[in-house]
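The values are calculated or read from the model by the stated rules, or taken from the named source; none is laboratory data. What you see is a predicted model; the values in this text were computed from it and never measured. Cβ atoms come from the backbone with ideal geometry, glycine included; neighbour counts cover every protein chain shown.
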Amino acid sequence: MQNHYNHKNRRKYNLKAHIVLVTKYRKTLLQYGLDDFVKRAIIYLAGQNNWTVIAMETDKDHIHILLEYDTTERVCDIISILKRQTTYYLWNRYGTYLSRQYWKKHIFWSDGYFACSIGEVSSATIEKYIAEQG
């Protein structure tokens, strides 16, 4: 298997992260179309920020994302953007519904997250794991 490397300026890299975001209080909100809305929002944000979503799937209370990114990015900044922007989009679209779920506005994701850098060898394994969620 040949590794795929990105080339930019004098950099050669292959950076991928497995990211898991969990809904606040583990509420089972990622269903009934809300999950698809979140996925579309993440794909949109990835396009805006030059990230590549390799795989993504939701369960009822969390989402797994396998994301490729540039060397100029920090995973914590990527996660911050994803959480902040998807929460904003969700409250704009589903504000009435979410206000019945959370007492405080503009909450959707838990404070924490899981992030793990992956090597090329385990990429297929993680993609399979993500695809089997839900």
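Return the residues of region 99-134 that are in contact with a Phe, Trp or Tyr (Cβ under 8 Å, 6 or more places away or on another chain) and without any contact (Cβ under 8 Å) to a residue 40 or more places away in the chain; say none if nothing qualifies. Explain how you work it out, then say what you get.
Step one: of region 99-134, the residues in contact with a Phe, Trp or Tyr (Cβ under 8 Å, 6 or more places away or on another chain) are 102, 105-106, 108, 110.
Within region 99-134, K105, H106 meet the criteria.
Among residues belonging to region 84-106 that are buried (at least 16 other Cβ atoms within 10 Å of the Cβ) and polar (S, T, N, Q), point out the one that is nearest to the chain's Cα centre (by Cα). Let's see the steps before the verdict.
Of region 84-106, the ones buried (at least 16 other Cβ atoms within 10 Å of the Cβ) are 85-87, 89-91, 94, 98, 102.
Add one more test, that the residue is polar (S, T, N, Q), and what stays is 85-87.
On the way: Q85: 11, T86: 9, T87: 12 Å.
Checking each candidate, the answer is T86.
Hey, can you tell me all the residues within region 20-40 that are basic (K, R) and surrounded by 13 or more Cβ atoms within 10 Å (Cβ to Cβ)?
Filtering region 20-40 down to residues basic (K, R) leaves 24, 26-27, 39-40.
Scanning region 20-40 gives K24, K27, K39.
Quick check on this structure: which one of I43, I81 is surrounded by fewer than 19 Cβ atoms within 10 Å (Cβ to Cβ), free of Cβ contacts under 8 Å to residues at least 60 places away in the same chain, under 16 Å from G112 (Cα atoms) and within 11 Å of the chain's Cα centre (by Cα)? Before you say what the answer is, go through the steps one by one.
Details: I43 fails: under 16 Å from G112 (Cα atoms).
Criteria check complete, one pass: I81.
Looking only at residues that are of a type outside the set (A, V, I, L, M, F, W, C), surrounded by 11 or more Cβ atoms within 10 Å (Cβ to Cβ) and out of contact with any Phe, Trp or Tyr (no Cβ under 6 Å at 6 or more places or on another chain) in region 9-19, which one is modelled with the lowest pLDDT? Full working, then the answer.
First, the residues of region 9-19 that are of a type outside the set (A, V, I, L, M, F, W, C): 9-14, 16, 18.
Narrowing the set further to residues that are surrounded by 11 or more Cβ atoms within 10 Å (Cβ to Cβ) leaves 11, 13-14, 16, 18.
Then drop every residue that is not out of contact with any Phe, Trp or Tyr (no Cβ under 6 Å at 6 or more places or on another chain), which leaves 11, 13, 16, 18.
Details: R11: 75, Y13: 70, K16: 92, H18: 95.
In this case the residue turns out to be Y13.
Residues that are modelled with pLDDT of 95 or more, among the hydroxyl-bearing types (S, T, Y) and more than 30 Å from N9 (Cβ to Cβ), at least 2 per element: which helices (runs of 4 or more DSSP H) completely within region 20-133 meet that?
Values: elements: 34-49, 75-101, 123-131.
It comes to 75-101.
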